[in-house]
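Heads up, the thing below is written out as structure tokens.
The values are calculated or read from the model by the stated rules, or taken from the named source; none is laboratory data. What you see is a predicted model, and the numbers here were worked out from it, not measured in a lab. A quick note on method: Cβ atoms are made from the backbone with ideal geometry, for glycine too, and the neighbour counts reach across all protein chains shown. SASA here: full protein model, heavy atoms, side chains in, ligands and nucleic acids out. Shrake-Rupley method; radii C 1.70, N 1.55, O 1.52, S 1.80 Å.
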Amino acid sequence: QVQLVESGGGLVQPGGSLRLSCAASGFTSGAYAMNWYRQAPGKERELVAVITSGGGRNYADSMKGRFTISRDNVKNTVYLKMNSLKPEDTAVYYCNAANRGRSYWGQGTQVTVSS
């Protein structure tokens, strides 16, 4: 059964750092583009970061220079390292795998940035 399970969310102070993990099972995630999305209350889901099957990376403008997406295909896991966190980064963060029209989603992990 295909599964994506996010972990690593929690409460962090502004300016702090957090590392999210997304563990894939039931398929080989190395053949997929892996993406992080987020959704804050009352807002639509937005794309945060992308890493392609070839290792290329892209970020939304507000995340450039602060967030880093990476993957370990042996562990079948993708990561999102978040630095210099701001209150506006508060959201549920979702892991997504995509390949030629096929898309899988995790259940999300809550990130709260507050003093």
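For region 66-71, putting each phi into the Karplus relation 6.51 cos²θ - 1.76 cosθ + 1.60 with θ = phi - 60° gives couplings of 10, 10, 9, 9, 8, 9 Hz, in residue order, rounded to whole numbers and with x for Gly and Pro. Here, region 26-69 yields an orientationally averaged convex hull projection of 4.0 nm² when only Cα atoms define the hull. Among the GluC sites (Glu not before Pro) in region 1-84, which ones are in a DSSP loop with at most 12 other Cβ atoms within 10 Å of the Cβ? Mind listing them? Passing sites in region 1-84 are Glu44.
Put a dot 7 Å past the Cα of Ser62, heading toward its Cβ, do the same for Glu46, and the two dots end up 0.3 nm apart.
Per residue, how large is the accessible surface of the chain? Use a 1.4 angstrom probe and give square angstrom.
Values: 6170 Å² over 115 residues.
Value returned for the chain: 54 Å² of accessible area per residue.
The loop-placed trypsin sites (Lys or Arg not before Pro) in region 52-97, going by DSSP, that have at most 12 neighbouring Cβ atoms within 10 Å of their Cβ come out as Lys64, Lys75. Using the Karplus relation 6.51 cos²θ - 1.76 cosθ + 1.60 with θ = phi - 60°, the per-residue 3J(HN,Hα) values for region 89-103 come to 7, 4, 4, 8, 9, 10, 8, 9, 10, 9, 7, 6, x, 8, 9 Hz, with x marking Gly and Pro.
With all protein chains present, how much of the accessible area of the chain (probe radius 1.4 Å) comes from carbon and sulfur, to the nearest whole percent? Please list the in-between numbers first.
Details: 2790 of 6170 Å².
Here carbon and sulfur together make up 45 percent of the probe-accessible area.
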